[in-house]
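Report on the following structure.
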């Protein structure tokens, strides 16, 4: 179902949902020609013990299948003072060499790629992939490793949408 947020009475609901704050993140996964990176915003910590992170991904995105094949992903948390990640990943998911071209990266021992311009990063082992019969599916990862950028005072992007019917 497509919601047109310009039509009453849906507008108040969509505007209210748009007030739910989120961040902006770049998910990286895969290796070599099967690497991919994409900007996401539907992310939330789901539990404390163990620390689980939920990411809602549009069901047509190839990144879900790559996460399942590789067994995990890096959640790179976008830095509020640096627009490089947003410029690179805002309009499309990138694959292969193009995913990291021009970006400062670090490769983890498990193959995950950290984007060094992020303010923080979290490696998540795939815990569960849930199809909840909507336009998105839920990827749940167990956080097992993480770190901060060189600037430990860096603040993450806080994202507020105009309304809840689009990104």
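The values are calculated or read from the model by the stated rules, or taken from the named source; none is laboratory data. The shown structure was predicted, so the numbers you read here are calculated from the model rather than taken from an experiment. Positions of Cβ are backbone-derived with ideal geometry, glycine not excepted, and every protein chain shown enters the neighbour counts.
So, residue 82, is that one over 13 Å from the mean Cα position of the chain (by Cα) and more than 28 Å from residue 49 (Cα to Cα) or not? Yes: the conditions hold for residue 82. For residue 118, state whether it is modelled with pLDDT of 95 or more, over 29 Å from residue 11 (Cα atoms) and not in a strand (DSSP E or B). Yes; evaluated as a whole, the condition is true for this residue.
Please work out if residue 50 is within 25 Å of residue 134 (Cβ to Cβ) and surrounded by fewer than 14 Cβ atoms within 10 Å (Cβ to Cβ). Taking the combined requirement at face value, the residue does not satisfy it.
Could you tell me whether residue 56 is closer than 28 Å to residue 133 by Cβ and in contact with a strand residue (DSSP E or B) (Cβ under 8 Å, 6 or more places away or on another chain)? It is true that residue 56 is closer than 28 Å to residue 133 by Cβ and in contact with a strand residue (DSSP E or B) (Cβ under 8 Å, 6 or more places away or on another chain). Every residue in the range 115-144 that is out of contact with any helix residue (DSSP H, G or I) (no Cβ under 6 Å at 6 or more places or on another chain), within 25 Å of residue 97 (Cβ to Cβ) and free of Cβ contacts under 8 Å to residues at least 40 places away in the same chain, please. 116, the sole residue that qualifies.
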